[in-house]
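A short worksheet on the structure shown next.
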Amino acid sequence: MAAAALAILVPLGYGGLTGVLLLVCGAVGLAVTAAAAWWTLTLRGPLRWASGVLALAVPAGLIALFAATLFWALLVSSALWGVAVWSGRYALRGTGIHRVRGKERRTPPPQRPFLIMNPRSGGGKVDRFGLKEKAERLGARVVLLDPDEQQDVTALAQAAVAEGADLLGAAGGDGTQALVAAVAAEHGVPFLVISAGTRNHFALDLGLDREDPGSCLDALSDGVELRVDLGFAGDRPFVNNASFGAYAAIVQSPSYRDDKIGTSLELLPDLLTGQQGARLTARAGDTTLDSPQAVLVSNNPYRTGDPFGFGRRDRLDTGALGVLGLRVESAADAAALVLDPEPAALTVLTVREVVVEAEGAEVEVGLDGEALVLPSPVNCRIAPGALVVRVPRKRPGVVRHQPRLDWRRLRKLAATVGRTAASRHT
C-alpha cells in the first residue's frame, strides 16, 4: 500500500501544480478516449474515421506529455507500481483469498484413449506440431475431421465410448471442445484438452501451454485429473461462455469468419443503437437486465476488477455462473466505464442460473464462439463438477498463476497489521 501511494505521490511531488494538472489531464483523456471509441463503434462514414483517429491520438499524446514533463519521476512511479503489485500478490497468498484451482488426483494412464482432431483449427496446428503422430505413439486412437465434409463430432464421441474408449479428447476450438466434453461428462470418462484452436481460453484457465499443444498430450502418460464445472445454454454445453446480444448477432453473419473486423464495424452501429437485433431481457437471481446490448454468461466468473488478470477465471469449480451485462446508451456512459469504479452501464453478477429471452421465438447465441439460434427463452445453468479433465502433471499455467490483486482486501490487511503492531508496541 505504501508503494502504491508513493507511485502516485512521486510524480505529483516532482511536478507540483503541473503534476496535479497532468493527473486531471489523464482523467479527462481517458474519458475522451472512451467516448471516441463509442463514436467509432456507433457512427459511419467520415465521423467514424475522425473518432477513430481521436481514440488513438489522445492516449498517444498523453503518454508523450507525461514522458516529456515528468522525466525520471515517471520511471520511479512505474517501478513503485511494480513493487506494489508484486508485494500485494505476495501478501494475498496466505490470506485464503486465493485458493488452489482444484484438487488434483493421480490416476493410471488411460488404456483406450480416443481423440478427435480438427486439422484446420488454429491455422493448422495439428499438422504443424505433429499432434496425430505423437498421440498415436502414446497409444491413442485418432480421428481427423475432414475439412470438406460436415461431421457430427458428438456422434463420433458417442460411438467411441460405445466401443470402449476410457478417455475422450479434442484438438480444436472451444466449440469442438465443449461438444466432446459434454459426451465425456455424460458417460463419466475423463476429457483431454489439446490447445490446437485459435484462442483456447479453456486450455488457458486449466493452466495448459497454448504455445505448444503437443505438451497437452503428456497427460496420456503422466497426468492428473481435475473435476470442473460445465455450463449449459438450454441443452447445449459450453466450457467458456454463452454470449447474447451484439456479439451473438455478429457471429451469425456468413462474412464474419473471413473478415471479423470489417463485419463487426459494419454491423455494430445498428446493433448498439437498437436499430437492429432482438430486444433482450435477462433474469439472473433477483436482478433483471432490461434491453442490454450484450450479455455474457460464463462457466465460472471472469475476473473484472484486476487489470493484471482481466478475462481469466480463477477457478473452474465454484459451481456458479458469471454474468456480465452491458448497456451503453451514450458517449457519457462509455466514459463512465473507465472512470467510475462501479459504472451503471455494467452489471456483474455471480449466480447459478440465468434466463435470457428475446421478443421473438428465437435467440441468437454465440456459444464458445460458435453461432447458434436457440428457442426463446434460453435457460443457462451450470452443472457443478460434471466434467473430469485429465491434464499433464507439469503444466506452465499452474506455476505462473498468481492471486487476484484485490486492493480492497489489501487495505483491510494493511489496517489489521497496523492495529496489531500498535497494540504490541503499547
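Quick test of your reading of the structure: LEU265 fulfils all but one of (1) out of contact with any Ser or Thr (no Cβ under 8 Å at 6 or more places or on another chain); (2) crowded, with 21+ Cβ neighbours inside 10 Å. Name the failing condition by number.
(2)
Just one of ALA371, ALA336, ALA344 is in a helix (DSSP H, G or I) and either farther than 26 Å from ALA233 by Cα or touching a residue at least 60 places away in the same chain (Cβ under 8 Å) (or both); which is it?
Values: ALA371 fails: in a helix (DSSP H, G or I); ALA344 fails: in a helix (DSSP H, G or I).
Of the residues listed, the single one that is in a helix (DSSP H, G or I) and either farther than 26 Å from ALA233 by Cα or touching a residue at least 60 places away in the same chain (Cβ under 8 Å) (or both) is ALA336.
Assigned to a loop (DSSP other than H, G, I, E, B), open to solvent by 70 Å² or more (accessible area, probe 1.4 Å), more than 28 Å from HIS187 (Cβ to Cβ) and of a type in the set (D, E, K, R): is that true of GLU364 in this structure?
Answer is no for this residue.
Restricting the range 40-58 to residues that are over 19 Å from CYS25 (Cα atoms) and among the aliphatic types (A, V, I, L, M), which is most open to solvent (accessible area, probe 1.4 Å)?
Checking each candidate, the answer is LEU47.
Criterion first (open to solvent by 40 Å² or more (accessible area, probe 1.4 Å) and hydroxyl-bearing (Ser, Thr, Tyr)) does THR18 satisfy it?
On the way: open to solvent by 40 Å² or more (accessible area, probe 1.4 Å): yes; hydroxyl-bearing (Ser, Thr, Tyr): yes.
Yes: the conditions hold for THR18.
Just for helices (runs of 4 or more DSSP H) wholly inside the range 1-117: which have at least 2 residues that are in contact with a strand residue (DSSP E or B) (Cβ under 8 Å, 6 or more places away or on another chain), of a type in the set (A, V, I, L, M, F, W, C) and on the phi < 0 side of the Ramachandran plot?
none
Name the pairs whose Cβ atoms lie under 6 Å apart, with the first residue in the range 213-240 and within 21 Å of ARG199 (Cβ to Cβ), the second open to solvent by 10 Å² or more (accessible area, probe 1.4 Å) and aromatic (Phe, Trp, Tyr), and 6 or more positions between them or separate chains?
PRO213/PHE129; GLY214/PHE129
Of these, VAL323, VAL351, VAL338, which one is at pLDDT below 90, touching a Leu at 6+ places or on another chain (Cβ under 7 Å), closer than 29 Å to ARG89 by Cβ and not hydroxyl-bearing (Ser, Thr, Tyr)?
Being at pLDDT below 90, touching a Leu at 6+ places or on another chain (Cβ under 7 Å), closer than 29 Å to ARG89 by Cβ and not hydroxyl-bearing (Ser, Thr, Tyr) holds for just one of VAL323, VAL351, VAL338, which is VAL338.
The values are calculated or read from the model by the stated rules, or taken from the named source; none is laboratory data. The structure presented is a predicted model; accordingly, all values stated were derived computationally and were not measured. Here the Cβ is made from the backbone with ideal geometry for all residues, glycine too, and neighbour counts use every protein chain on show. Surface areas here come from the heavy atoms of the whole protein model, side chains and all, with no ligands, DNA or RNA. Shrake-Rupley method; radii C 1.70, N 1.55, O 1.52, S 1.80 Å.
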